[in-house]
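I have placed the structure first, in the form of structure tokens, so that the comments after it can refer back to it.
The values are calculated or read from the model by the stated rules, or taken from the named source; none is laboratory data. In this text the structure is predicted, and so the values were computed from the model without any measurement. Reconstructed Cβ throughout: ideal geometry from the backbone, glycine too, with neighbour counts over all protein chains shown.
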Amino acid sequence: MAEPHVTLEQPELDPAPEKLREPLEEQLSSALQRATDVVSDDYHGESVDEVADRLLAETRAALHPDIAEAFQPDPAELRRVAAVIVGRH
């Protein structure tokens, strides 16, 4: 499975927020990749929806609380990653 990556979709940001986009995307992607590894290693037959919920919880746990609270990933993309985990086991 290709490692999941988070892309922020913010059209026409001012220069200061634009400078923060790449580091934030890297932080979110790293947290999601860690969550993917943790959930995959600890997979015990859960459904795709349960795995998606665990992915979100593990990702948020790896982030600063303010960032975690604001992190609202696309549910369809989380389900896609979850489906890959379920399909591999």
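Looking across segment 11-50, the residues that are at pLDDT below 80 and surrounded by 11 or more Cβ atoms within 10 Å (Cβ to Cβ) come down to L13, P17, E18. For segment 1-49, the tally of residues that are without any contact (Cβ under 8 Å) to a residue 12 or more places away in the chain and assigned to a helix (DSSP H, G or I) stands at 11.
I'd like the full set of residues that are of a type in the set (G, A, S), crowded, with 17+ Cβ neighbours inside 10 Å and part of a helix (DSSP H, G or I), limited to segment 51-75. Explain how you work it out, then say what you get.
If we filter segment 51-75 for residues that are of a type in the set (G, A, S), which is where we start, we get 52, 57, 61-62, 68, 70.
Going one step further and asking which of them are crowded, with 17+ Cβ neighbours inside 10 Å, we end up with 52, 62.
Within segment 51-75, just A52 meets the criteria.
With respect to (1) within 12 Å of the chain's Cα centre (by Cα); (2) within 19 Å of R88 (Cα to Cα), the lone exception for E25 is condition (2).
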